[in-house]
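The values are calculated or read from the model by the stated rules, or taken from the named source; none is laboratory data. Here the structure is a predicted model, which means the values were calculated and not measured. In this analysis, Cβ positions are derived from the backbone assuming ideal geometry, glycine residues included, and neighbour counts consider all displayed protein chains. These accessible areas exclude ligands, DNA and RNA; they are computed on the full protein's heavy atoms, side chains included. Shrake-Rupley method; radii C 1.70, N 1.55, O 1.52, S 1.80 Å.
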Amino acid sequence: MNPKHSRHVNGLCAIADQQARIDAAVRARADMGRDLVIIARCDELYPSEMGGGGTGSLEEAIRRGHAYLEAGADVLFFPPRPDAVPDLVKAFAGKAPVATMGFTIPGAGFNMM
């Protein structure tokens, strides 16, 4: 489904488009009447020079995360920067779990494996 999160194909989705996709998943979950965890992937921290479509901005990643939670996401997934994980966990503390790609963050008190 376009736009993909690649530097090669259109960059990232607009926030409103991603919110609409999350809302569709929320409505489908309600229609199914089943437990379903909606994980919103945010590639803002995955910059173009690494093959992603984001800018690498922590502030923008946090802004997008809040927008995705407003739309109904249950979990936020932020690849691929382990250095940003403690700040993301703080930004979303009490609001949603933060997931990433198999990083262990020394001194952060958690293991993201």
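Structure summary
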{"quantity": "Residue count, segment 10-25 (criterion: in a helix (DSSP H, G or I) and within 16 Å of the chain's Cα centre (by Cα))", "calculated": "10"}
{"quantity": "Residue in segment 65-78 that is at negative phi and in contact with a Pro (Cβ under 6 Å, 6 or more places away or on another chain) present", "calculated": "yes"}
{"quantity": "Subset of segment 26-57 (residues that are surrounded by 12 or more Cβ atoms within 10 Å (Cβ to Cβ) and in a helix (DSSP H, G or I))", "calculated": "VAL26, ALA28, ARG29, SER48, MET50"}
{"quantity": "Positions within segment 58-85 being at pLDDT 90 or above, open to solvent by 30 Å² or more (accessible area, probe 1.4 Å) and either under 12 Å from the mean Cα position of the chain (by Cα) or over 29 Å from ARG29 (Cα atoms) (or both), in sequence order", "calculated": "LEU58, GLU59, GLU60, ILE62, ARG63, HIS66, LEU69, ASP74, PHE77"}
